[in-house]
1. Identify, please: which residue in the range 103-138 is over 15 Å from the mean Cα position of the chain (by Cα), among the charged types (D, E, K, R) and assigned to a strand (DSSP E or B) and is, among those, farthest from residue 79 (Cα to Cα)?
2. Could you tell me whether the range 61-69 includes any residue that is of a type in the set (S, T, N, Q), on the phi < 0 side of the Ramachandran plot and outside any strand (DSSP E or B)?
3. With the structure loaded, tell me whether residue 53 is free of Cβ contacts under 8 Å to residues at least 24 places away in the same chain and in a strand (DSSP E or B) or whether it fails that test.
4. Taking residue 53 as the residue in question, decide whether it is modelled with pLDDT under 95, farther than 19 Å from residue 119 by Cβ and loosely packed, with under 15 Cβ neighbours inside 10 Å.
Amino acid sequence: MRTLTCGALTLLLTGSAAAAGGDARTQLLRVEADWNEAVVRRDAAALERILADGFVLVWVDGSVSGKRELIDAVKSRKAEIDPFTTQGVTVRFYGRTAVVVGAFSQTARLGERRETHTFRYTDVYHRQFGHWRAVSAHATLVR
């Protein structure tokens, strides 16, 4: 179960179906959606672009990973992750930093086995070289 749950958590991967646009909130929501899609597709190149080099993820079990560990986990996971979107997303800006808070349900499939879990998450972004890059993320399992 831990393998499937951690696979489902390959997470954080948050997102929204926001259309591309010029304002900062729309740009951030597009990055969030791209992150979700990258997790589902195991797209390491997209994750390289989205995550800052110093990125830190606090997993649901309290363990901490960096950018490389997250990308490796996404690429090597055994479970398939179904496409997912986020709900109840709020975005707050602090200069060139933004905090995104929301929830998502994610289904992981491994053979005949399926598990769906709901998470609350916080993603922190910093605007670097004209692009929003994720610098930190945290997920909590909703029981």
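1. Here the residue is 127.
2. The answer is yes; a qualifying residue exists.
3. It is true that residue 53 is free of Cβ contacts under 8 Å to residues at least 24 places away in the same chain and in a strand (DSSP E or B).
4. no
One line per residue, one yes/no per condition, for (1) surrounded by fewer than 16 Cβ atoms within 10 Å (Cβ to Cβ); (2) touching a Phe, Trp or Tyr at 6+ places or on another chain (Cβ under 6 Å); (3) over 21 Å from residue 114 (Cβ atoms):
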{"residue": "58", "(1), (2), (3)": "no, no, yes"}
{"residue": "75", "(1), (2), (3)": "yes, no, yes"}
{"residue": "80", "(1), (2), (3)": "yes, no, no"}
{"residue": "93", "(1), (2), (3)": "yes, no, yes"}
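The values are calculated or read from the model by the stated rules, or taken from the named source; none is laboratory data. These numbers come from a predicted model, not from an experiment. With ideal geometry, Cβ positions are generated from the backbone for all residues, glycine too; neighbour counts draw on all protein chains shown.
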